[in-house]
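Data first, discussion second: the structure below is written as structure tokens.
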Ligand SMILES: Cc1ncc(COP(=O)(O)O)c(C=O)c1O
């Protein structure tokens with residue numbers, strides 16, 4: 001059996017051994033409850049606060065702006081719901097290609113009559129139409145939340161956070177960005193980025209699953225989302241995910257130290273795969289702005305629909321190759337991708353997302369391309 005080839009790093013990544021090393025003591029001997037007042041508990045508290053400081057420093061934010069959560073989904077739910085319920089937003093502007101953590105939350109609030117919902121138009125290459133965003137912002141006096149992702153997890157398109165943030169500022173809108181695919185992959189300077197909320201999940205950059213962050217700009221004040229104890233400065237009750245938080249900080253620290261080399265290497269893998277596919281597979285195309293403003297980690301491949309290509313993910317799996325058709329949360333359900341439908345709704349094409357990390361190699365690309373040639 002061929003060794004497994006993991007080309008689904010936008011879904012999740014392998015935990016880095018060095019991250020596990022710093023987490024393990026907090027699962028074994030250092031298990032004190034961070035809220036306990038004796039020294040054993042205080043050590044755990046110290047570990048959480050050091051993690052917060054380290055993360056804040058890397059993102060150029062204040063530690064008081066960093067809240068640890070269970071991941072990207074919880075962070076976006078919190079930011080969007082709080083914008084409506086606490087910050088007075090009566091309208092949400094988003095795009096049809098957001099992650100479901102955003103889309104379903106916005107739809108829920110709309111369905112309950114708590115906010116209106118508007119969708120910004122997309123350009124043919126899948127980027128947000130910023131002129132249309134401005135028209136939407138100018139078209140209503142209602143306090144508005146703009147929620148637009150920094151990078152699309154399926155097609156990789158990158159948003160100009162600064163341009164959108166400045167536009168939101170001009171119209172007095174609250175700006176939330178789902179940055180789950182970019183934190184740990186790009187340098188983010190929150191002191192100089194006009195955004196109210198951003199989100200992250202450690203498992204997207206070789207950290208543990210089940211831990212993420214919500215950045216809340218110091219100029220906005222929201223109510224607690226989870227009620228109970230006074231953890232996370234009264235914002236998120238419940239005993240903290242101590243080892244997860246320690247792991248989050250370490251993973252971000254390692255990713256930041258390796259940005260330059262890792263991004264260059266991973267970009268070369270993506271480019272190589274695109275070239276090889278173009279060379280060997282007739283009719284291949286790519287969804288999104290794949291050579292322009294796009295994640296260096298994601299290549300969304302578009303293939304002519306045939307009986308064989310429709311079975312592709314299944315057959316790749318049989319051959320021990322991990323890739324995905326949509327986001328990780330929908331790929332099992334096989335409903336097709338809402339992102340691909342919005343960007344390039346062609347019933348005669350199928351889309352497969354390959355996403356890379358520093359552990360991948362050109363040899364793996366060769367094997368996958370060879371397999372693809374056989375399978376389609
Ligand atoms: C863009 C984006 N947002 C949100 C999420 C959800 O993150 P999590 O699974 O950590 O809640 C993901 C990952 O699946 C994602 O890719």
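Mind checking which of 345, 300, 152 has the largest fluctuation in a GNM of the chain, springs on alpha carbons under 10 Å?
345
Contour minus end-to-end for residue 314 and residue 114, with contour as 0.36 nm per residue of separation and end-to-end as the Cα-Cα distance?
Going from the current span to full extension adds 67.9 nm.
With contacts defined as alpha carbon pairs under 8 Å and 6 or more residues apart, what's the relative contact order of the chain in percent?
23
Calculate the all-directions average of the projected area of the chain's alpha-carbon convex hull, and give it in nm².
Answer in nm², one decimal: 18.9.
Please arrange 104, 162 by how many other C-beta atoms lie within 10 Å of their C-beta, fewest to most.
162, 104
What order do you get for 245, 66, 222 when you list them from fewest to most C-beta neighbours inside 10 Å?
Ranked by crowding around the Cβ, least crowded first: 222, 66, 245.
Give the shape of the range 84-229 as rounded, prolate or oblate, defined through the alpha-carbon gyration tensor: a ≥ b ≥ c are the square roots of its eigenvalues, a/c under 1.5 means rounded, and otherwise the shape is prolate if a/b is larger than b/c and oblate if not.
rounded
Please identify, among 262, 160, 21, the residue showing maximal mean-square fluctuation in a Gaussian network model of the chain using a 10 angstrom Cα cutoff.
The residue with the greatest mean-square fluctuation here is 21.
From Cα coordinates alone, what are the radius of gyration and Dmax values for the range 202-311 in angstrom?
When restricted to the Cα atoms of the range 202-311, Rg and Dmax are 20.7, 59 Å.
Arrange the following residues from fewest to most other Cβ atoms within 10 Å of their Cβ: 49, 240.
By the 10 Å Cβ count, ascending, the order reads 49, 240.
Bear in mind that the values in this text are calculations on the coordinates, not laboratory data. All figures in this text were calculated on a predicted structure; none of them were measured in a lab. A quick note on method: Cβ atoms are made from the backbone with ideal geometry, for glycine too, and the neighbour counts reach across all protein chains shown.
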